[in-house]
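These notes concern the structure reproduced below.
The values are calculated or read from the model by the stated rules, or taken from the named source; none is laboratory data. Keep in mind it's a predicted model, so treat the numbers as computed, not measured. Positions of Cβ are generated from backbone atoms using ideal geometry, with glycine treated the same way; all protein chains shown enter the neighbour counts. For the accessible areas, the whole protein counts, side chains as well, though only heavy atoms, and no ligand, DNA or RNA atoms are used. Shrake-Rupley method; radii C 1.70, N 1.55, O 1.52, S 1.80 Å.
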Amino acid sequence: SVAGEAMTSGPAAAATAPPPAASGPAPLVTWLLWALAPIGGATSLFFAFKFYRQIMRKDEGTDLMREIASYVRDGANAYLRQQYKVVAVVVLLLFAIFLVMAFVEKTQSAWMPFAFLSGAIFSALCGFLGMRTATNASARTASAARTSLNGGLQVSFRAGAVMGLVVVGFALLNICAWFVLMYLIGVKSAGVTLSAMAVALLSSGMGASTQALFARVGG
């Protein structure tokens, strides 16, 4: 009856109920599993640097081949400078719009503009490194191919792998850095939600895609 319900729902019942699950930092196993991502990113950048060094040790060929390669590099650098000038204007304009949306209109996460900017910067860095590697590898590929087809294939394959590896490496490290920053702040202040993390991470990808779009159209 009423007395029985009071006994089962009162202090006595509360004393015998199991304690709520403690909410605290993630266990060590979770952090170890998470660490696979930045380790993978760092490994990608290590092999990209290793491949680039191997490419640069190859012979660039005859004097004529070296001269033509220097013209190719000059043209590529001029193209990148012009492209990045235009991209910088667009990215900064979008960054200003996102700042207004985040801090004036309060319709976006405060992390969103900065994550967008970081993605664009890393994407531009990947484009620069990829172009530098490709222009340095072109004459070396032709020179190696004069000796053997396999030699030319190795140089060209490693040159292409550099671009792929730096994209993966910088993307992983950028995403991991944002996640750790937002997670630590969220644990301490409980002000960062999972949705805010998702918005920031997606915004970083949007910034990288914006830069890559200009590279594809211009290329």
A correct Karplus calculation of ³J(HN,Hα) over the stretch 134-143, with 6.51 cos²θ - 1.76 cosθ + 1.60, θ = phi - 60°, whole Hz and x for Gly and Pro, returns 5, 6, 6, 8, 4, 5, 5, 5, 5, 5
Under 20 Å by backbone N from the virtual spin label 7 Å along Cα-to-Cβ at Val89, the residues of the stretch 110-141 are 117, 120-121, 124
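With a cut-off of at most 11 other beta carbons within 10 Å, and DSSP calling the residue loop, which chymotrypsin sites (Phe, Trp or Tyr not before Pro) in the stretch 143-200 qualify? Please list them. Intermediate values should be presented prior to the final figure.
On the way: sites: Phe157, Phe170, Trp178, Phe179, Tyr183; in loops: none.
Here no chymotrypsin sites (Phe, Trp or Tyr not before Pro) fit, given the DSSP loop and packing criteria.
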Each label sits 7 Å from Cα toward the beta-carbon; between Leu153 and Ala110 the label points are separated, in nm, by 5.6
Pseudo-spin-label distance Phe49 to Leu64, built 7 Å along Cα→Cβ, given in nm, is 3.9
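Only loop residues by DSSP count here, and only those with at most 11 other Cβ atoms within 10 Å; note down the trypsin sites (Lys or Arg not before Pro) in the stretch 34-95 that meet that.
Details: sites: Lys50, Arg53, Arg57, Lys58, Arg66, Arg73, Arg81, Lys85; in loops: Arg57, Lys58.
Taking the stretch 34-95 and a limit of 11 other Cβ atoms within 10 Å, the loop trypsin sites (Lys or Arg not before Pro) found are Arg57.
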Share of accessible surface on carbon and sulfur in the stretch 68-173, whole %, 1.4 Å probe and ligands ignored, is 74
Cα-based Debye curve of the stretch 56-211 sampled at q = 0.15 Å⁻¹ gives log₁₀ I(q)/I(0) of -0.83
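Taking 0.36 nm per residue of separation and subtracting the Cα-Cα distance, what length does fully extending Val199 through Leu33 add?
On the way: separation 166, 0.36 × 166 = 59.76 nm, distance 2.26 nm.
Using 0.36 nm per residue and subtracting the Cα-Cα distance, I get 57.5 nm.
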Computed ³J(HN,Hα) along the stretch 38-43: with the Karplus parameters 6.51/-1.76/1.60, θ = phi - 60°, integer Hz and x for glycine or proline, the list is x, 5, x, x, 5, 5
At R0 = 45 Å the Cβ-Cβ FRET efficiency linking Tyr183 and Ala76, nearest 0.05, sits at 0.65
